[in-house]
Amino acid sequence: MSNDLPPYKLAFIIDNNVVELFYTDSRMAAILLSDPIIVDITEMPSNIQQGSQYIPETGNFGPVTGSGSI
């Protein structure tokens with residue numbers, strides 16, 4: 001029987017309680033474990049893409065300046 005789950009298992013912890021378990025690949029694990037800023041962009045312009053620059057002082061995004069990959 002093969003294991004079809006991705007190789008990394010992460011725990012999301014809020015207020016010292018595990019609130020979610022998450023299986024993922026090595027790339028996403030590296031992103032999530034690098035202390036990222038997570039922003040809800042649901043209501044923002046659709047031109048935001050990988051490589052866009054985030055401006056924390058304003059909460060806005062600037063032009064693409066890099067590849068956006070790690």
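The values are calculated or read from the model by the stated rules, or taken from the named source; none is laboratory data. Note that this is a predicted model, so its numbers are computed, not measured. Quick reminder, even Gly has a Cβ in these numbers, built from the backbone with ideal geometry, and neighbours come from all protein chains shown.
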### Query
Is it true that some residue in the range 36-52 is touching a strand residue (DSSP E or B) at 6+ places or on another chain (Cβ under 8 Å), at pLDDT below 95, surrounded by 12 or more Cβ atoms within 10 Å (Cβ to Cβ) and among the hydroxyl-bearing types (Ser, Thr, Tyr)?
yes
### Query
How many residues does the range 1-35 hold that are surrounded by 11 or more Cβ atoms within 10 Å (Cβ to Cβ) and either in contact with a Leu (Cβ under 7 Å, 6 or more places away or on another chain) or among the polar types (S, T, N, Q) (or both)?
7
### Message
Within the range 1-35, take every residue that is over 17 Å from the mean Cα position of the chain (by Cα) and in a loop (DSSP other than H, G, I, E, B) and give me the one that is nearest to Gln50 (Cα to Cα).
### Response
Pro7
### Summary
Scanning the range 53-70 for residues that are β-branched (Val, Ile, Thr) and either surrounded by 10 or more Cβ atoms within 10 Å (Cβ to Cβ) or not in a loop (DSSP other than H, G, I, E, B) (or both) gives Ile55, Val64
### Query
Restricting the search to the range 8-33, which residues are farther than 22 Å from Gly62 by Cα and touching a residue at least 24 places away in the same chain (Cβ under 8 Å)?
Arg27, Ala30
